[in-house]
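Note sheet for the following structure.
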Amino acid sequence: MDGTGAGKRTVDALMSQTAALGVWGCGHIGASAMYHFSRQGVRCVGYDIAASRVQEIREGRFLTTDIVPTGHVREENPNVTATTNWRDMVTNQVVVHLVAVPTERGAEPSSAALEDVIPLICEVIRQSDTVGIVPAVIIESTIQPTWIDTVVLPKLLASGVHPGVAVLVGAAPRRDWFSGSEHNLENLPRIVGGSSDEATDLMVALYSLVCREIVPARDAYHAAFTKVIENLIRFQGLALGNTLSLAFPQYDMTHVLSLASTKWNIPLYHPSMGIGGHCIPLAPRYALAEGGLDNPYLGTVRDAVQLNDGYFSHLYAVRLRELLKDCRSIVILGLAYTADAKMHKLSPALDALDCLRDTPRLRLHDPYYSADDIEDICGVATLEFPRDLSDCDGIILVTPHTAYRQAGVESIVRPGTVIVDNFGAWRDRTFAPSVRYHEVGRRYLEDARDAIRYPETSSSAS
Ligand SMILES: NC(=O)c1ccc[n+]([C@@H]2O[C@H](COP(=O)([O-])OP(=O)(O)OC[C@H]3O[C@@H](n4cnc5c(N)ncnc54)[C@H](O)[C@@H]3O)[C@@H](O)[C@H]2O)c1
């Protein structure tokens, strides 16, 4: 950036608080953007359709849970205004609009919320005095790059807000990992790409306020597609780990993959109960939508999607049902798809619930969800952990939350209980001899611990 361009003017206006940053959708992504920008002195206005979410932000609860022990983002912040009235963006002189609405419905990508907010953003731009600054619309949500052409640009044009003239457009996808504080907005390299050099320059200047490393893409399409492809690569690796474990039941595939990961260019994969979350499982669908469902080069992606769709019920049928068939009182530990976060989109815990519905007593526990949350989301009761493990004869440990990894459960789990452990969080525990412990991806029960000659590391969920 030349230091005199649009980027500098915008950043100066934000830093002097003569203009503000608007965030559309105040969930994990939108709220954490507000949190980081506001700490740099930028006035932020967050709009959300959910009054409860707005109330949480007003109370300083920037994550949708306030009990996450690490990666905690909670602060009452005078630079943040949260509202359910998008017109507040006009009175607050918003000049940069970050779009952080959901782009998925169930297991499918969906541009519906994006389609809802772009016309409102146009309305704000048209009604605002932007103090001589060309406003910007930056998509932080994960998108199919083609949506820039099919949704964003046409809706701007239809509202008379001409891209490149009356508004700068760009994509700056997010990579944050809300499970712990290791991978956050500040320390992850940030890919940004604009629909013009001016837009990219603006994004470099803007995100330099909150991110240590900015990596400019050649344009908005390539920036958006990077998110899809990096998630697709991760998906293919995880799906391959699951497939191998089913394909070679005579092998302890968790052990083989752990050994393989000692090679310098092979990441650690752990076969699991399924790939959860809204990022990784959706990536192949974005790629297939972008490349064409019948694209001859995407056969392996199509196969992986097909396998993944029915994966848990297949795993249950061929491995877990036999183990759990005599259990009358089962608890699923963990609703979240990843440790120490309150996020359960496409969690394998939900698939486990479906398969186990006929169990006479089926309960679910997660330290980040209240009894009411669990009743609403899962339709089952919870229990008191770890005390009530004593009246369970089946335990499915889905999420390796810290609370589960640290709890002393050995004396509470009663003899004869079946334990199915997704990632081996309890692999090193010494249970009563008649407890049947199975770590997903191992060959059969009894070899789960004995065959291990050196400590294996565990991989996280997705
Ligand atoms: N959470 C992650 O780990 C993560 C990581 C990278 C990218 N993403 C992507 O970021 C985007 C947002 O994800 P999130 O995790 O923040 O979702 P979220 O569900 O936590 O939050 C989305 C928020 O948007 C609000 N909303 C929905 N429709 C709206 C509308 N029309 N107008 C205004 N607000 C609306 C919802 O009420 C909710 O508060 C998605 O595209 C997601 O794929 C998420």
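The values are calculated or read from the model by the stated rules, or taken from the named source; none is laboratory data. What you see is a predicted model, and the numbers here were worked out from it, not measured in a lab. Cβ coordinates were reconstructed from backbone atoms using ideal geometry, including for glycine residues, and neighbour counts include every protein chain displayed.
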Inset, instruction - Filter segment 244-259 down to residues that are within 20 Å of Asp303 (Cα to Cα) and of a type in the set (A, V, I, L, M), then give me how many there are. - result: 3
Inset, instruction - Scan segment 344-353 residue by residue and report those that are surrounded by fewer than 22 Cβ atoms within 10 Å (Cβ to Cβ) and out of contact with any helix residue (DSSP H, G or I) (no Cβ under 6 Å at 6 or more places or on another chain). - result: Lys345, Leu350
Legend entry - Pairs where the first residue, in segment 113-135, is assigned to a helix (DSSP H, G or I) and the second is within 10 Å of the ligand (Cβ to nearest atom), C-beta under 6 Å, 6+ apart: Ala113/Val101; Ala113/Pro102; Val117/Trp24; Val117/Val101; Leu120/Trp86
Inset, instruction - Return the residue satisfying two criteria in turn: it lies in segment 363-407 and is under 16 Å from Lys342 (Cβ atoms) and among the polar types (S, T, N, Q), and of such residues it is surrounded by the most Cβ atoms within 10 Å (Cβ to Cβ). - result: Thr399
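Go through segment 220-235 and give me each residue that's within 11 Å of Ala172 (Cα to Cα) and either crowded, with 21+ Cβ neighbours inside 10 Å or among the aliphatic types (A, V, I, L, M) (or both).
Restricting attention to segment 220-235, the residues satisfying the condition of being within 11 Å of Ala172 (Cα to Cα) are 220-227.
The answer is Ala220, Ala223, Ala224, Phe225, Lys227.
Name the residues in segment 146-168 that are surrounded by 21 or more Cβ atoms within 10 Å (Cβ to Cβ) and either touching a strand residue (DSSP E or B) at 6+ places or on another chain (Cβ under 8 Å) or not assigned by TED's automatic domain parsing to the domain that holds Ala31 (or both), would you? So that I can check it myself, show each step before the final result.
Narrowing segment 146-168 to residues surrounded by 21 or more Cβ atoms within 10 Å (Cβ to Cβ): 147-148, 152, 156, 161, 167-168.
Within segment 146-168, Ile148, Val152, Leu156, Val161, Val167, Leu168 meet the criteria.
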Legend entry - Residue list for segment 180-215, filter: in a strand (DSSP E or B) and of a type in the set (Lys, Arg): Arg190
Inset, instruction - Could you look through segment 108-142, keep only residues that are within 12 Å of the ligand (Cβ to nearest atom) and small (Gly, Ala, Ser), and pick out the one that is surrounded by the most Cβ atoms within 10 Å (Cβ to Cβ)? - result: Ser141
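Could you tell me whether Asp358 is surrounded by fewer than 16 Cβ atoms within 10 Å (Cβ to Cβ) and part of a helix (DSSP H, G or I)? Spell out the reasoning first.
Numbers: surrounded by fewer than 16 Cβ atoms within 10 Å (Cβ to Cβ): yes; part of a helix (DSSP H, G or I): no.
In short, no.
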Inset, instruction - Check off (1) among the aromatic types (Phe, Trp, Tyr); (2) surrounded by fewer than 16 Cβ atoms within 10 Å (Cβ to Cβ); (3) within 21 Å of the chain's Cα centre (by Cα) for Tyr269 and give me the number that stays unchecked. - result: (2)
Inset, instruction - Scan segment 192-216 residue by residue and report those that are crowded, with 21+ Cβ neighbours inside 10 Å and more than 26 Å from the chain's Cα centre (by Cα). - result: Ser195, Ala199, Asp201, Leu202, Ala205
Inset, instruction - Residues being in contact (Cβ under 8 Å) with a residue 60 or more places away in the chain and outside any strand (DSSP E or B): count how many of those fall in segment 391-404. - result: 9
Inset, instruction - Could you tell me which residue of segment 173-199 is farthest from the ligand (Cβ to nearest atom), considering only residues that are out of contact with any helix residue (DSSP H, G or I) (no Cβ under 6 Å at 6 or more places or on another chain) and aliphatic (A, V, I, L, M)? - result: Ala199
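Looking at Gly334, Gly277, Gly292, Gly310, can you tell me which residue is within 25 Å of Asp176 (Cβ to Cβ) and at pLDDT below 95?
Numbers: Gly334 fails: at pLDDT below 95; Gly292 fails: within 25 Å of Asp176 (Cβ to Cβ); Gly310 fails: within 25 Å of Asp176 (Cβ to Cβ).
Being within 25 Å of Asp176 (Cβ to Cβ) and at pLDDT below 95 holds for just one of Gly334, Gly277, Gly292, Gly310, which is Gly277.
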Legend entry - Pairs, first outside the structural domain of Val11 (by TED's automatic domain parsing) in segment 28-43, second hydrophobic (A, V, I, L, M, F, W, C) and surrounded by 21 or more Cβ atoms within 10 Å (Cβ to Cβ), C-beta under 9 Å, six or more apart: none
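Taking the criterion of being β-branched (Val, Ile, Thr) and crowded, with 22+ Cβ neighbours inside 10 Å, would at least one residue in segment 236-243 satisfy it?
Pass one, segment 236-243, residues β-branched (Val, Ile, Thr): 243.
In the following step, the residues that additionally are crowded, with 22+ Cβ neighbours inside 10 Å were identified as none.
For segment 236-243, residues β-branched (Val, Ile, Thr) and crowded, with 22+ Cβ neighbours inside 10 Å: absent.
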